[in-house]
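> Here it is: the structure, laid out below.
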Amino acid sequence: MTESIIKLNTTDPGDENLLEEVINGLHKDQKELPCKLFYDKKGSELFDKITELAEYYPTRTEIEIIKSNIEDISSCIGENALLVELGSGSSTKIRLLLSGLKKMSAYVPLDISYNHLIESTEALSKDFPHIRIIPLCVDYTKPFEFPDFDFDWEKIVVFYPGSTIGNFHPPYAKKFLANVARRTGRGSGLLIGVDLKKQKEVIENAYNDAKGITADFNLNMLSRLNSEIGFNFDIDKWQHRAVYNEPEGRIEMHLVSLAQQCVSHNGTRIYFEENEFIITEYSYKYTLAEFESIVNDYYRIDGVWVDNNGKFSLHYLSVI
Ligand code: AVJ
């Protein structure tokens, strides 16, 4: 019998530049806050709830795609892969992969939220005691080091589900995926989920759910600024809004100021007009051709899977 190998030797690196990033964002003409701020423990829990909402089609659809194509996906990935997940999001997807893949070398989830990472990893290790799990608490958009793995693996396969790539402005998405290719090396794989362009109403509903969970998720960012870095946002004076910017092909999440107001931090005051808004997130949608054009300098496309309604896509790319 194989031992359960889960190494909890990762630590919470914190985020030293967060305050600076926040202050800079709030001093721009168009005020903005970084979307990574969504994911504290509460935010990660709210996001888990979002993935189960009737209106939020991406998670459910991607799960469907994985289920219906698990054999093809598995043969793309091959045996003895070191599976690295960027963001340890919905555990349903990774569970499907861990159950469906051929023999694997290890699963390495990377996540910015320490508590979320440890909790989800512990749950996973109970159900997959024979799989080596090595969680790493890092901001994967910044340079970081993999530990020295003292075991064999055939190739690195990066799993980047959920269309999180949509958070990047497309030229930056291209750069980011080029970095992933450079860091993992020729022959490595990238299994990536990408949300597709579609009717405006369908997209907008996904980010304006009837239960108001997405609103709580968006507003949680302000509570977090209050509790963690000493701002004094009056949460009742802010409203969630999500609009699809069709020419740009992106959902925009806004926090709208319901009054003329002022927020302060250590003597720095920031003024907001009534109806002025802070941009908290962009979520870009692609056509298959658009996505292909941002990856084909660095990757060969080995597989593209789409659901029957053409809502969402999953791609297996090999680094060239
Ligand atoms: C995690 C970035 C893929 O853009 O759909 C969900 C985040 N924001 N509802 C998305 C999100 C509001 C989500 N991603």
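None of the figures in this text is laboratory data; all of them are computed from the coordinates on show. Bear in mind the structure is a predicted one, so any value in this text is a computation, not a measurement. For neighbour counting, all protein chains shown are included, and Cβ atoms are generated from backbone atoms with ideal geometry for every residue, glycine included.
> May I ask which residue of THR61, GLY43, LEU225 lies farthest towards the positive end of the charge dipole of the chain, with charges of +1 (Lys, Arg) and -1 (Asp, Glu) on Cβ and the Cα centre as origin?
The one lying farthest along the dipole's positive direction is THR61.
> Measuring from the lowest to the highest alpha carbon on each principal axis, how far does the chain reach, largest first, in angstroms?
Cα spread of the chain along its principal axes, largest to smallest: 62, 42, 35 Å.
> Follow-up question, since we're still on this one. Within region 68-105, list the GluC sites (Glu not before Pro) lying in a DSSP loop whose Cβ has at most 14 other Cβ atoms in a 10 Å radius.
GLU79
> Kindly state, to the nearest 0.05, the FRET efficiency for LYS42 paired with ARG182, given R0 = 25 Å and r defined as their beta-carbon distance.
So the FRET efficiency works out to roughly 0.10.
> Mind pulling up the Rg/Rh value for region 129-215? Radius of gyration and Kirkwood radius, both on Cα. Before the final figure, lay out the partial values.
On the way: Rg = 17.0 Å, Rh = 16.1 Å.
Using only Cα positions, Rg/Rh for region 129-215 is 1.06.
> Something else now. Output the Cα-based Rg and Dmax of region 207-320 in Å, rounding Rg to one decimal and Dmax to a whole number.
Values for region 207-320 (Cα only, Rg and Dmax): 19.3, 55 Å.
> How do HIS130, HIS116 rank when sorted from fewest to most other Cβ atoms within 10 Å of their own Cβ?
Lowest to highest Cβ neighbour count: HIS130, HIS116.
> Also: A 28 angstrom limit on the alpha carbon distance is what I want to check against. Which of LYS31/LYS175; LYS31/LYS285; LYS42/LYS237; LYS41/LYS197; LYS28/LYS174 exceed it?
As for pairs spanning more than 28 Å Cα to Cα, those are LYS41/LYS197.
> Here's something else I'd like to know. For region 1-115, report the translational diffusion coefficient in µm²/s to the nearest whole number, using Stokes-Einstein at 10 °C, 1.306 mPa s, and a Kirkwood Rh over Cα pairs.
Approximately 93 µm²/s, per Stokes-Einstein.
> So what is the relative contact order for the chain, in percent, with contacts set as C-alpha pairs under 8 Å and at least six apart?
Relative contact order, the chain: 22 percent.
> Okay, next question. What is the Cα centroid distance between region 7-67 and region 199-235, reported in whole angstrom?
11 Å
> To continue, here is another question. So what is the calculated 222 nm ellipticity per residue for the chain, using -39500 (n - 2.57) for each DSSP H run with n of 4 or more, over all residues, to the nearest 500 deg cm²/dmol?
Calculated at 222 nm, the ellipticity per residue is -10500 deg cm²/dmol.
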